[in-house]
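Participant: Input: one structure, supplied below.
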Amino acid sequence: MEKMGVPAVAIITEAYRDLAKSTAAQRGMPTLRIAYTVHPVWGKTTDQLRALVDGSDPVSERPFMKEIVDALTVPLTPEDQKSGLQAVSMGPETFGPDTTDNLHAYFMNNQMTDYLPIIIPTEAKVEAMLKGTSHKPDEVVGRAGGYKFTVKQVAVNAVMAGCDPSYFPVILAIASTGALALGGSTTSFGYAMVINGPIRDKLNMNYTIGALGPFAQPNATIGRAWSLMGKNLGAGSIPGQTYWGGQGNNLNYNNVVIAEDEKSSPWTSFHVQKGFKPEESVVSVFNGWDMRMGHGAKGAGATDLKFDQQISSMFPTLTRMFNCLVVIDPLTAKLLLDQGYDTKEKLQDWLWKNSAISAKEYRESFLAHVWLYPRALKGEEPYATWWKAPDDQQIPCWPKADDIAIVVTGGQTNAFFQVGNMNYGRSASIDKWM
Amino acid sequence: MKRRQLLSLLGMSPALLTSTQAKDKKHGYDQSAPSVVPAEPKYVALSPKGTPPPVNRFPMAARTIARLDGKTVYLVDTGFFGADLLLQQVAGWFERNMPSVKVVSRKKAGTYPEEDPKLWAEIKANASATIMAVGH
């Protein structure tokens, strides 16, 4: 509004005071006029909201509406009228010399770690990591939120996470997507990645027993490096300033790292579904909320397993803010093959058609007001049509069958699967970063 | 008092000292050795930070009106929880306290990070001022 020449004031709840100030400054208007109200405003009665409007701004302690009227009418100060480019420092390029303990404390106290012990990124260790790629240290790998990061800057984070230099091309491919784990949302995002191709065996990634657990160095540290990159390469993840997830998300410690079991899977590999060749090594990134175990939800008798129904029965519990990721153990995949699902696409299609809810439920879902209706209002299909549907019309959980991503991994000790609120983002070549 | 004198007073043989020292040596700690702690090595660590973009500062819109009376003010709900209901109360306040202000309420289309160019154009054409509520 201000850039368009229209005086504006933002109403922000007091919980977001630091965030509002830092965002305004980053976007070039540090003195943006803001009126604060108590937090939260949602869930309040009409009388309570009226009292807020008739009451005081909890930050300035002046009448709330006077703050608003003044923000729109009081002439600008010289500071309000400043313009032009201003450089922003990233801080010192090196720390020390100091002892390992002191450096570790420094990194931790300056919010550059995940509060678990790190490998101190000395010049020698970073040089060793850089040998894991043929790319030059100062090459820009990716950008996120205006920040850019080089091969060397990514290498520092890979060292801190405990990665072996042979993992470095995977880390660079993740960084090249521009998707940094630990993004900001009050809803506490979590992240997942799927790794396909020969790199899985070259690095001895685990895609058998305990595939998603802490049982292999590459799975553990590649995932951790992604979170450290989220802390350090972009705007950072400082609670209350650049991170505001209400409860946080324990997936953020090392994310969901999935090496697909391409040998045991009866279906096309995930990266091939995305247009890559089987012999290419690829990482695909997802963002969302969570993963949850599914087993025995429906029809899980010894002779009538119905895994298709078990999977689809979990879908209505997922939010429609994200698409869906289904991680299937190879044993479950073989049982689904026996049921007649000889391709992932056939299973995706059945799941999509059998995961519908009524239009009434759809419109009454928690996120409908903030996520689904605004898309309908914009005219985006199928949301616009779905929003107008009769109450009893059945609406699929997601717009398309391939919004349900399916990946196979696990040790075949039990016929398990996991389902999650996870949005496929993009896939990036790992080979490119060798 | 020296340790040998103390042991003699206690009726113990000073030879005990020798055997104690020998025992300590067996465990790798020589009490007779000078207690010098070797200096801990020091390292230089590299910063893990990315490179931030420069900030491009913009001047705010000039406040050319001293009062809102008789002006058009847009109330924009950006889509977060509760913003619409809060803005209804803001509209009510204008009706009660500054009835000459023409209030226009709009909900921004698209999810909250998205721009709404159509609405922005409408505001630019019609509004003297805008109040945006992001709620929560």
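Participant: Could you work out [θ]222 nm for the protein assembly as shown from helices alone, using -39500 (n - 2.57) per DSSP H run of at least four and dividing by all its residues? Round to the nearest 500 deg cm²/dmol.
Facilitator: Roughly -9000 deg cm²/dmol at 222 nm, from the helical runs in the protein assembly as shown.
Participant: May I ask you to list the aspartates and glutamates whose Cα is less than 13 Å away from that of residue A:66, ignoring any residue fewer than eight positions away on the same chain?
Facilitator: Partners within reach: A:54, A:57.
Participant: While we're looking at this one, here's another question. What dipole magnitude, in Debye to the nearest 20, does the protein assembly as shown give about its Cα centre under +1 on Lys/Arg Cβ and -1 on Asp/Glu Cβ?
Facilitator: Dipole of the protein assembly as shown, to the nearest 20 debye: 1040 debye.
Participant: Ok, one more. Where a ≥ b ≥ c are the square roots of the eigenvalues of the C-alpha gyration tensor, would you call region B:72-133 rounded, which needs a/c under 1.5, or, failing that, prolate if a/b is larger than b/c, or oblate?
Facilitator: Oblate, because a/c is 1.5 or more while a/b does not exceed b/c.
Participant: Using a simple charge model, +1 on the beta-carbon of Lys and Arg, -1 on the beta-carbon of Asp and Glu, nothing else, what dipole does region A:315-374 show about its Cα centre, in debye to the nearest 20?
Facilitator: With Lys and Arg at +1 and Asp and Glu at -1, about 180 debye.
Participant: Show me the ranking of peptides B:74-82, A:390-398, A:426-434 by mean Cβ neighbours inside 10 Å, starting with the highest.
Facilitator: Result, highest mean first: B:74-82, A:426-434, A:390-398.
Participant: Sticking with this one: DSSP loop (so not H, G, I, E, B), at most 14 other Cβ within 10 Å: list which chymotrypsin sites (Phe, Trp or Tyr not before Pro) in region A:345-424 pass both filters.
Facilitator: A:366
Participant: Right, another one. Quick one, what does Rg over Rh come out to for region A:1-72 if you take C-alpha atoms and the Kirkwood Rh?
Facilitator: 0.99
Participant: While we're here: Could you tell me what fraction of 2.2 N^0.38 Å the Cα radius of gyration of region A:349-434 comes to, as a two-decimal ratio?
Facilitator: 1.42
Participant: Work through the residues other than residue A:360 whose Cβ is under 13 Å from its Cβ and net out their charges, Lys, Arg +1 and Asp, Glu -1.
Facilitator: Result for the neighbourhood of residue A:360: -2.
Participant: Now a separate question. So which aspartates and glutamates can residue A:274 reach, going by Cα to Cα under 15 Å and dropping same-chain residues fewer than 8 places off?
Facilitator: Counting by Cα, and skipping residues close in sequence, residue A:274 has these aspartates and glutamates nearby: A:260, A:262, A:345, A:402, A:403.
Participant: Here's another thing I want to ask about it. Working from the pairwise distances between different alpha carbons, so that the mean of 1/r is found and then inverted, what is chain A's Kirkwood radius in Å?
Facilitator: Here the Kirkwood hydrodynamic radius works out to 24.3 Å.
Participant: Beyond 24 Å between alpha-carbons counts as too far, so tell me which of A:136/B:49; A:125/B:49; A:148/A:277; A:21/B:118 fall in that bin.
Facilitator: Correct reply: A:148/A:277; A:21/B:118.
Participant: Next up: Excluding the sites themselves, what is the longest stretch of chain A that contains no GluC sites (Glu not before Pro) in a DSSP loop with at most 14 other C-beta atoms within 10 Å?
Facilitator: A:280-434
Participant: If you take the charge dipole of the protein assembly as shown about its Cα centre, with +1 on Lys and Arg Cβ and -1 on Asp and Glu Cβ, which of A:196, A:266, A:56 is farthest toward its positive end?
Facilitator: With unit charges placed on the Cβ atoms, the residue in question is A:56.
Participant: Hey, another quick one. Summing +1 for each Lys or Arg and -1 for each Asp or Glu, what net charge is found among the other residues whose Cβ lies under 14 Å from the Cβ of residue A:257?
Facilitator: Overall, the nearby charge balance is 0.
Participant: Below 14 angstrom from the Cβ of residue A:162, what's the summed charge of the other residues (Lys, Arg +1; Asp, Glu -1)?
Facilitator: Every neighbour counted, the sum reads 0.
Participant: Residue A:425's amide H: which non-local residues (gap 5+, or another chain) put their own amide H closer than 5 Å, with H modeled 1.01 Å from N in plane and none for Pro or chain starts?
Facilitator: Amide H neighbours of residue A:425, under 5 Å, 5+ apart: A:285, A:286, A:287.
Participant: Charges at C-beta only: +1 for Lys and Arg, -1 for Asp and Glu. How large is the resulting dipole of region A:10-81 about its Cα centre, in Debye rounded to 20?
Facilitator: 160
Participant: Could you give log10 I(q)/I(0) at q = 0.17, 0.21, 0.25, 0.26 Å⁻¹ for region A:30-102, computed by the Debye formula over C-alpha point scatterers of equal weight, without solvent?
Facilitator: -0.77, -0.97, -1.16, -1.19
FYI, it's all coordinate maths here, none of it is from the lab. Computed from a predicted model, the values in this text were never measured in an experiment. Because the Cβ atoms are built from the backbone with ideal geometry, glycine has one as well, and the counts that use them run over all protein chains shown.
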